[in-house]
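Participant: One structure is given below, represented as structure tokens, and several questions about it will come after.
The values are calculated or read from the model by the stated rules, or taken from the named source; none is laboratory data. Note that the coordinates shown come from a computational prediction; the quantities given were computed from them, not determined experimentally. For neighbour counting, all protein chains shown are included, and Cβ atoms are generated from backbone atoms with ideal geometry for every residue, glycine included. The accessibility values were calculated without ligands, DNA or RNA, using every heavy atom of the protein model including side chains. Shrake-Rupley method; radii C 1.70, N 1.55, O 1.52, S 1.80 Å.
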Amino acid sequence: MTGPFLLLHPDDNVLVARQSAAEGLEVTLEGGAVKLSRLIPLAHKIARRGIAEGEKILKYGMPIGVALQPIAAGEHVHVHNIRSDYTPTHALQDADGISAGVAQ
């Protein structure tokens, strides 16, 4: 466990927020400490390490999508920078009805 983030499987390249994590929060990752560049909502993901464009996103040790661009360690991993292997990302919404909570 890394602060408010949880590693679900040792092969995962993402960590999952077990509570909301504030912008600016310092999180210690394997490569060193990073500051979050935005609020990370409950159950959203951050990159555990740098993820290359085209690399599979692994959660629970299983591929859930592919990176559409390079994703830096500690960066929010969501529909704005990955393509889901399961659902069309343009249709995803959070519970409050706002499209995936990625609005700045």
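Participant: Out of the GluC sites (Glu not before Pro) in the stretch 1-33, which ones are loop residues according to DSSP with at most 10 other C-beta atoms within 10 Å?
Facilitator: For GluC sites (Glu not before Pro) across the stretch 1-33 that sit outside H, G, I, E and B with at most 10 neighbouring Cβ atoms in 10 Å, the list reads E23, E30.
Participant: Can you pull the one-decimal nm distance between simple spin-label points at E53 and Y86, each 7 Å off the Cα toward Cβ?
Facilitator: 2.7 nm
Participant: With every protein chain left in place, what is the accessible area of I64 in Å² (1.4 Å probe, nearest 10)?
Facilitator: Accessible surface of I64 is approximately 40 Å².
Participant: Turning to a different aspect of this structure: Would you mind calculating the gained length between L7 and Q19 on full extension (0.36 nm times residue separation, minus the Cα-Cα distance), in nm to one decimal?
Facilitator: Length gained between L7 and Q19: 3.0 nm.
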